[in-house]
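Q: Below is one structure. I have some questions about it.
The values are calculated or read from the model by the stated rules, or taken from the named source; none is laboratory data. These numbers come from a predicted model, not from an experiment. Note that each Cβ is placed from the backbone with ideal geometry, even for glycine, and that neighbours are counted across all protein chains shown.
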């Protein structure tokens, strides 16, 4: 975004803008193809990390940065994405994070950038800088997990993973804790009483590292 919009219309420091960012995310998340069974409804991030990203920062942009990516543009990366296929994350990484099913908080900041102009010989043109603003967003819990980027959500009819806790094709039953270990569900399937029993130091350690598996129940958490 350049000089065509006033800064107050796009800065996430305003509640109205933060709400619109979430609204756009939810609008697009409810329209993924193929359809998602466990897509959570997003809300404005309230954690310290989310609040910090709302501050405006300044940074020079590299000379090869020719365009900006707003939320709609991230969504359009869907055209290069194939569910379950081999994907180039450079081309679809914004999209897969946007539609990562278990992500349910977003907080965005606005970065003031400068595009330095160069002549045909690659020499910087003195005094020729263009100012533009770029969105930078943090997501919680973060998506794009290694090895799973081609499967950002579970396939199925909208809200089929959340029964009656549904609003406009998005699930409302998020769980605010996550697992540290990657094999918690497998451990719980094999040793359910052993994994989540926290009466011993070893048990507390297991419980702490598999907190979502042990406490979330039917609520949706990172899969």
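Q: For the subset of region 111-146 comprising residues that are over 16 Å from the mean Cα position of the chain (by Cα), surrounded by 13 or more Cβ atoms within 10 Å (Cβ to Cβ) and touching a residue at least 60 places away in the same chain (Cβ under 8 Å), which member is nearest to residue 40 (Cα to Cα)?
A: 134
Q: For region 78-97, give me each residue that is part of a helix (DSSP H, G or I) and either touching a strand residue (DSSP E or B) at 6+ places or on another chain (Cβ under 7 Å) or loosely packed, with under 10 Cβ neighbours inside 10 Å (or both).
A: If the condition is that a residue be part of a helix (DSSP H, G or I) and either touching a strand residue (DSSP E or B) at 6+ places or on another chain (Cβ under 7 Å) or loosely packed, with under 10 Cβ neighbours inside 10 Å (or both), then 79, 90, 97 are the ones that fit.
Q: Please go through region 27-43 and pick out each residue that is in a loop (DSSP other than H, G, I, E, B) and either more than 14 Å from the chain's Cα centre (by Cα) or not assigned by the TED database to the domain that holds residue 96 (or both).
A: Those that are in a loop (DSSP other than H, G, I, E, B) and either more than 14 Å from the chain's Cα centre (by Cα) or not assigned by the TED database to the domain that holds residue 96 (or both): 30, 31, 32, 33, 34, 35, 37, 38.
Q: Another question, if that's okay. Got a number for residues in region 160-175 being surrounded by 15 or more Cβ atoms within 10 Å (Cβ to Cβ) and assigned to a loop (DSSP other than H, G, I, E, B)?
A: So the count comes out to 8.
Q: Hey, residue 194 hits all of (1) surrounded by 12 or more Cβ atoms within 10 Å (Cβ to Cβ); (2) out of contact with any helix residue (DSSP H, G or I) (no Cβ under 6 Å at 6 or more places or on another chain); (3) modelled with pLDDT of 95 or more but one; which does it fall short on?
A: Looking at each condition in turn, residue 194 falls short on (3).
Q: For region 36-68, give me each residue that is surrounded by 15 or more Cβ atoms within 10 Å (Cβ to Cβ) and at pLDDT below 55.
A: Those that are surrounded by 15 or more Cβ atoms within 10 Å (Cβ to Cβ) and at pLDDT below 55: 54, 61, 68.
Residues checked against (1) part of a helix (DSSP H, G or I); (2) closer than 23 Å to residue 147 by Cα; (3) without any contact (Cβ under 8 Å) to a residue 60 or more places away in the chain:
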{"residue": "177", "(1), (2), (3)": "no, yes, yes"}
{"residue": "180", "(1), (2), (3)": "no, yes, yes"}
{"residue": "187", "(1), (2), (3)": "yes, yes, yes"}
{"residue": "199", "(1), (2), (3)": "no, no, yes"}
{"residue": "202", "(1), (2), (3)": "yes, no, yes"}
{"residue": "208", "(1), (2), (3)": "yes, no, yes"}
{"residue": "212", "(1), (2), (3)": "yes, yes, yes"}
{"residue": "222", "(1), (2), (3)": "no, yes, no"}
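Q: Here's another thing I want to ask about it. Only one of (1) within 23 Å of residue 75 (Cα to Cα); (2) outside the structural domain of residue 17 (by the TED database) fails for residue 198. Which number is that?
A: Of the numbered conditions (1) within 23 Å of residue 75 (Cα to Cα); (2) outside the structural domain of residue 17 (by the TED database), the odd one out for residue 198 is (1).
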